[in-house]
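See below for the structure under consideration.
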Amino acid sequence: MKTPIVQSDTGVTLLGGGAVAAADVHAALTIAPRLVAADGGGDAALGMGITPAAVIGDLDSLSEGARARLGARVHPVAEQDSTDFGKCLAHVAAPFFLGLGFTGLRLDHTLATLSDIVQEPRPVILIGEEEVIFRAPPRLALDLGPGTRVSLFPFGPVSGRSTGLRWPIEGLAFDPAGRVGTSNEALGPVTLEISGAALVLLPKAALRAALCGLGLSPARGG
């Protein structure tokens, strides 16, 4: 990474311009207390009474009023080879990220964001309207209650092993153009061993379980 625009020792909350509830953003900031907006997310932040540490993107969505209010906090990145979400990841140094406002509008933007998460080596948890999404590490333990939905979506050939799932995954070959692992169900605490690039999707209420499973205990404030 070149000299970062934002450098943080704690987690960073990334805010896009898509569907997002202010309560979810404020809850995320208790875990990842620095906020960086991706392009039009700057308007969303100001609308919630939050001044972001920076606004990063190609700035095709940020309003002129927000630009004027934010001044030197606005950082244009002109290249078009990455998404605004990807630009934030590339220019922010932080141990992990929570992302909000990147779902609920254009599907192509959501898919591009999911692709960014799969490629990012640092933990990223995307918080949507109904679920939390993150890349599966090679080994993952989740403290889930019985009946919790657990979905896996492969971004290439994926195999693995599991305990605690109603439908175990051992011996299955997952592929985005073939078998995917959506709509499984926890019987209780779940362990996963995953080989390949896959996303885990859990109900939004399981955010703390996801944080702890990724070693990002909310008790440490990120």
Report summary line: Per-residue ellipticity at 222 nm attributable to helices in the chain (runs of n ≥ 4 DSSP H, -39500 (n - 2.57) apiece, nearest 500 deg cm²/dmol) works out to -6000 deg cm²/dmol
Report summary line: Residues whose built amide H sits under 5 Å from the amide H of L172, excluding neighbours closer than 5 in sequence, are G160
Query raised in the report: Can you give the translational diffusion coefficient of the range 24-64 in µm²/s, computed by Stokes-Einstein from the Kirkwood radius over Cα pairs at 37 °C and 0.692 mPa s?
Result: 317 µm²/s
Report summary line: Within the set G156, G171, G104, GNM on the chain using Cα springs under 10 Å gives the largest fluctuation to G171
**Report entry** Those GluC sites (Glu not before Pro) in the range 124-222 that DSSP places in a loop and that have at most 16 other beta carbons within 10 Å
**Finding:** E129, E130, E170
Query raised in the report: For the range 94-102, in order, what is each residue's ³J(HN,Hα) by Karplus, 6.51 cos²θ - 1.76 cosθ + 1.60 with θ = phi - 60°, in whole Hz (x at glycine and Pro)?
Result: 7, x, 7, 9, 10, x, 9, x, 10
Query raised in the report: What is the range 9-129 by shape, rounded, prolate or oblate, if you read a ≥ b ≥ c off the alpha carbon gyration tensor as root eigenvalues and call it rounded for a/c under 1.5, prolate for a/b larger than b/c, and oblate otherwise?
Result: rounded
Requested in this report: Can you tell me the FRET efficiency between D175 and Q7 if r is taken as the Cβ-Cβ distance and R0 is 25 Å, rounded to the nearest 0.05?
Outcome: 0.05
Requested in this report: At q = 0.07, 0.17 Å⁻¹, what is the base-10 log of I(q)/I(0) for the chain according to the Debye formula with one equal point scatterer per Cα and no solvent? Please give it to two decimals.
Outcome: -0.22, -1.16
Report summary line: Residue separation between E185 and C212 times 0.36 nm, minus their alpha-carbon distance, gives in nm 7.8 nm
Query - Residue-count net charge about G41 - beta-carbon cut-off 15 Å; Lys, Arg +1, Asp, Glu -1 - result: -1
Report summary line: In the chain, taking the dipole from +1 charges on Lys and Arg beta carbons and -1 charges on Asp and Glu beta carbons about the Cα centre, the listed residue (G160, A38, A19) farthest towards the positive end is G160
**Report entry** Dipole magnitude (debye, nearest 20) for the chain, charges at Cβ of Lys, Arg, Asp, Glu
**Finding:** 560 debye
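Let me check against my output: what whole-number percent is the relative contact order of the range 1-157, with C-alpha pairs under 8 Å and at least 6 apart?
25 percent
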**Report entry** Given charges at Cβ of Lys, Arg, Asp, Glu: the chain dipole, positive-most of G188, L70, L100
**Finding:** G188
Query raised in the report: Which FRET efficiency value, to the nearest 0.05, do you get for A78 and S115 by plugging their Cβ-Cβ distance into 1/(1 + (r/R0)^6) with R0 = 25 Å?
Result: 0.75
Query - Residue with peak Gaussian network fluctuation, the chain [Cα springs, cutoff 10 Å], from V180, V132, V55 - result: V180
Requested in this report: Please work out whether the range 139-214 counts as rounded, prolate or oblate from its C-alpha gyration tensor, where a ≥ b ≥ c are the square roots of the eigenvalues and a/c under 1.5 means rounded, while otherwise a/b larger than b/c means prolate and anything else oblate?
Outcome: prolate
Report summary line: Measuring from the longest principal axis of the C-alpha atoms of the chain, the long axis of helix 107-119 (C-alpha) lies at a number of degrees, nearest 10, equal to 70 degrees
Query raised in the report: Once label points are set 7 Å from the Cα along Cα→Cβ at both R122 and R69, what is their separation, rounded to one decimal in nm?
Result: 2.6 nm
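Throughout, read-outs are computed from the coordinates displayed, never taken from laboratory work. Here the structure is a predicted model, which means the values were calculated and not measured. Backbone-built Cβ (ideal geometry, glycine too); neighbour counts: all protein chains shown.
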